[in-house]
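Notes for the one structure printed next.
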Amino acid sequence: MKVLVVGSGAREHALVWKLAASPAVTAVYCAPGNAGTAALAHSVPLAADRIRELVGWAKEQRIDLVVVGPEAPLAAGLADTCAAAGLAVFGPSAAAAQIEASKVWAKGFMERHGIPTARAHTCNSVDEARRALKEFTYPLVIKADGLAAGKGVEVVGSEEAARETLERYMARNELGAAGQRVVIEEFLSGEELSVFALYDGQDLVLAPPVRDYKRLGDGDRGPNTGGMGGYAPVARADAELMARIRAEILEPTLAGLEQEGRPYRGVLYGGLMLTAQGPRVLEFNCRFGDPETQVLLPLLESDLAELLLAVPNGSLGLAQVRWSPGASCAVVLASQGYPGPLRTGVPIEGLDEVEPGMFVFHAGTTRRSEAPAASGWRALRQGLGLGGGESDVLTAGGRVLTLVGTGATLAEARERAYRAVEVVRFEGRQYRTDIGADAGTRGRGDAEKGPDLTPRPPSLPGKGEPDRDRSGTPPLAGEGPGERSGSASPTPLVSIIMGSESDRQVMEPAASVLESLGIAHEVLTMSAHRTPERVRAFAQGAEARGIRVIIAGAGLAAHLPGVIASWTSLPVIGVPLAAGELRGLDALYAIVQMPPGVPVATVGIGAPGAKNAAYIAAAMLSLSDDTIRQRYQQFRKRQMEG
């Protein structure tokens, strides 16, 4: 399967990472992507709003699934254009996306269908809005009608502040057309909750709910942002509450959209407030949340590609959705000045120093290269498209990175996330120090009764129960973060080795392939330079431990695969990684030029190469193991059948 992810944020980096790990995916592309997605996917130099060009490119490349990250291209009709061109697309039509694209329309829709939300007044002019202020007490909320990248919402505490916001939105046009109409609504108190429901027109699948933090500063102070962090699971969101949210909010919303001729296909994101009177809708969104996606995907144990493809295929009811029983916590690092005028172009340090159980998802990042000379070696590099000099990752937007920690409990996940904050640095960075501090310490596995996430159809008017089995698959116990072994056998047959934790996202597809084939494996971090004695001890003892194949990923001079091969007679497959300005060519050349008698096999650069290394290992093992041979042959048969 070839997948195109549209977007350039940390959400898209997380989607790319999880899709690249799918055994069903042969190639991932990202348009336009960022410095993080470039390590896992082929970058496509097309902005998310260039709809016709994106669809034309996808048709030409025979893309099997288009996954749309941000809301703006959905509101502009990207999903419609994809569908008209015969492309499978994950994301709703422009008509259905109005539930996010217009706060005025969404508020009217909720009122028409009795969906619990805040009392509100829609205003089409500054004068009307000023008069409407008299209907509310302070604090109150002012929302711009159109899309404003998460910045068109203000909570104001006085009439003076309210009039200033109306002046900025409607008179000074600070948000352009998005602010020409506003919704003034009552302020709701309580705990915020983000709920995500995948829907294919027949069946609805819930993800674990996430607690999101919208305000810039600690204690929910400062201006609204696109989101400064979040965590899952949420202790308060038990089975009873989630059943109520499903019955009172999600199902009536999907039914209402169907009734109004706007059938929904994709993920419906409900931003809710848990008030004393029950859950109330703050807003609906027509796509995955950011940073909620970065929180959730490290907990997903199922194949994301198959899950997303099931939506346009109408087969979501057959999906087996498994989530780790652990916890995840995300902290966003933002540029100086965000959400106002930004300072960008600042070097980011420490990206290669993250530890096991930590993830770094890029958003506003780019790479800087010196201008190349007109001749010589730099000219050759320029001709190869490799840049002209030393390359650094720089800040290039408001929200720069999302740092995620995972663990058995929320306390453990939060500790890892903030340790990553200590490691990854850039001048002027902003972040909250209280993400997850207002929650309990339990992971979902510790809860007495978590939410029911079984795929099943909503109670839509006029829809009968489809004739098929809907029994859900219970969650599987997840491996602990960091070094781990595959679950097929207590004795690993394959070792996946990498020199740095920063390589984990690129090497993860190898582990996913082996997991899908039921091949026991382990994932270890050791360096030929920093921990040479550990490398030697590992290589010399690997065969005695039952290891049969070693996969080693390395960048730059790529010494790790060769050093391992020099200490063992086991087959070693080297995966070149794009760690420097040569984008992996240096590692590729280093691996293939091993001296005679110390062979190291090699594959392509990056995540696709890691995936192929796992398939080669499976082919080797199948020569002496009938069970692995049968599974591998079944995989090849499915592959040939398309």
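The values are calculated or read from the model by the stated rules, or taken from the named source; none is laboratory data. Just so it is clear, the model here is predicted, and its values are computed rather than measured. Virtual Cβ from ideal backbone geometry, glycine too; neighbours counted across all protein chains shown. Side chains are part of the model used for accessible areas, which takes the heavy atoms of the whole protein and leaves out ligands, DNA and RNA. Shrake-Rupley method; radii C 1.70, N 1.55, O 1.52, S 1.80 Å.
Descriptive notes on the structure:
- Among the residues of the range 537-550, those that are out of contact with any Leu (no Cβ under 9 Å at 6 or more places or on another chain) and closer than 19 Å to SER527 by Cβ comprise ALA537, GLN540, GLY541.
- Positions within the range 117-127 being open to solvent by 50 Å² or more (accessible area, probe 1.4 Å) and part of a helix (DSSP H, G or I), in sequence order: ASP127
- Some residue of the range 185-197 being in a loop (DSSP other than H, G, I, E, B) and among the acidic types (Asp, Glu): no
- Residue in the range 279-297 that is nearest to GLY77 (Cα to Cα), counting only those that are open to solvent by less than 10 Å² (accessible area, probe 1.4 Å) and in a strand (DSSP E or B): ASN285
- Scanning the range 153-181 for residues that are surrounded by fewer than 20 Cβ atoms within 10 Å (Cβ to Cβ) and assigned to a helix (DSSP H, G or I) yields GLU159, GLU160, ALA161, ARG163, GLU164, GLU167, ARG168, ALA171, GLY176, ALA177.
- Check on LEU274, open to solvent by less than 10 Å² (accessible area, probe 1.4 Å), within 14 Å of MET110 (Cβ to Cβ) and within 26 Å of the chain's Cα centre (by Cα): no
- Scan of the range 307-321 for residues that are surrounded by fewer than 19 Cβ atoms within 10 Å (Cβ to Cβ) and within 19 Å of VAL25 (Cα to Cα), ordered by number: ASN313, SER315, GLN320
- Of the residues examined, ALA552 is not one that is assigned to a helix (DSSP H, G or I), among the small types (Gly, Ala, Ser) and open to solvent by less than 10 Å² (accessible area, probe 1.4 Å).
- Test for THR433: is it at pLDDT 95 or above and buried (at least 17 other Cβ atoms within 10 Å of the Cβ): no
- Condition check for ALA132: open to solvent by less than 70 Å² (accessible area, probe 1.4 Å) and touching a strand residue (DSSP E or B) at 6+ places or on another chain (Cβ under 8 Å): yes
- Residue match in the range 229-244 (condition: closer than 29 Å to PRO312 by Cβ and assigned to a strand (DSSP E or B)): yes
- Checking ARG211 against (1) closer than 18 Å to GLY436 by Cβ; (2) surrounded by fewer than 16 Cβ atoms within 10 Å (Cβ to Cβ); (3) not hydrophobic (A, V, I, L, M, F, W, C), the condition it does not meet: (2)
- Residue in the range 592-608 that is part of a helix (DSSP H, G or I), in contact with a helix residue (DSSP H, G or I) (Cβ under 7 Å, 6 or more places away or on another chain) and open to solvent by 40 Å² or more (accessible area, probe 1.4 Å) present: no
- Test: PRO341 is surrounded by fewer than 20 Cβ atoms within 10 Å (Cβ to Cβ) and not in a strand (DSSP E or B): yes
- Summed over the range 214-244, the residues that are open to solvent by less than 10 Å² (accessible area, probe 1.4 Å), in contact with a helix residue (DSSP H, G or I) (Cβ under 9 Å, 6 or more places away or on another chain) and either under 30 Å from HIS121 (Cα atoms) or among the small types (Gly, Ala, Ser) (or both) give a count of 5.
- Being open to solvent by less than 30 Å² (accessible area, probe 1.4 Å) and either without any contact (Cβ under 8 Å) to a residue 24 or more places away in the chain or at positive phi (or both) holds for only one residue in GLY108, GLY150, GLY146, and it is GLY108.
- Checked against (1) in contact (Cβ under 8 Å) with a residue 40 or more places away in the chain; (2) open to solvent by 20 Å² or more (accessible area, probe 1.4 Å); (3) more than 22 Å from ALA590 (Cα to Cα), VAL523 meets all criteria but (2).
- Residue list for the range 72-101, restricted to those being open to solvent by 30 Å² or more (accessible area, probe 1.4 Å) and of a type in the set (D, E, K, R): ASP80
- Pair list, Cβ < 9 Å and 6+ apart or interchain, from the range 292-314 residues that are under 12 Å from LEU198 (Cβ atoms) to residues that are β-branched (Val, Ile, Thr) and part of a helix (DSSP H, G or I): none
- The set of residues in the range 1-25 being under 9 Å from the mean Cα position of the chain (by Cα) and aliphatic (A, V, I, L, M) consists of ALA10, ALA14, LEU15, VAL16.
- Selection from the range 528-576 of residues that are within 25 Å of ASP586 (Cβ to Cβ), out of contact with any strand residue (DSSP E or B) (no Cβ under 7 Å at 6 or more places or on another chain) and of a type in the set (Gly, Ala, Ser): ALA528, ALA539, ALA557, GLY562, SER566
- Filtered by the rule that a residue be without any contact (Cβ under 8 Å) to a residue 40 or more places away in the chain and part of a loop (DSSP other than H, G, I, E, B), the range 564-578 gives THR568, SER569, LEU570.
- Every residue from the range 1-20 that is within 19 Å of GLU515 (Cβ to Cβ) and open to solvent by 10 Å² or more (accessible area, probe 1.4 Å): MET1, TRP17, LYS18
- Qualifying residues in the range 570-580 (those that are touching an Asp or Glu at 6+ places or on another chain (Cβ under 7 Å) and surrounded by fewer than 19 Cβ atoms within 10 Å (Cβ to Cβ)) - the one nearest to VAL523 (Cα to Cα): LEU570
- Every residue from the range 198-219 that is over 20 Å from LEU410 (Cβ atoms), assigned to a strand (DSSP E or B) and among the charged types (D, E, K, R): ARG215
- ILE63 out of contact with any strand residue (DSSP E or B) (no Cβ under 9 Å at 6 or more places or on another chain) and β-branched (Val, Ile, Thr): no
- Within the range 480-504, restricting attention to residues that are touching a strand residue (DSSP E or B) at 6+ places or on another chain (Cβ under 7 Å) and at pLDDT below 50, the residue that is most open to solvent (accessible area, probe 1.4 Å) is GLU483.
- Test: residue in the range 49-64 that is among the small types (Gly, Ala, Ser), open to solvent by 30 Å² or more (accessible area, probe 1.4 Å) and farther than 30 Å from GLY604 by Cα: no
- The set of residues from the range 1-45 being closer than 19 Å to GLY609 by Cα, in a loop (DSSP other than H, G, I, E, B) and touching an Asp or Glu at 6+ places or on another chain (Cβ under 8 Å) comprises MET1, ALA21, SER22, PRO23, ALA24.
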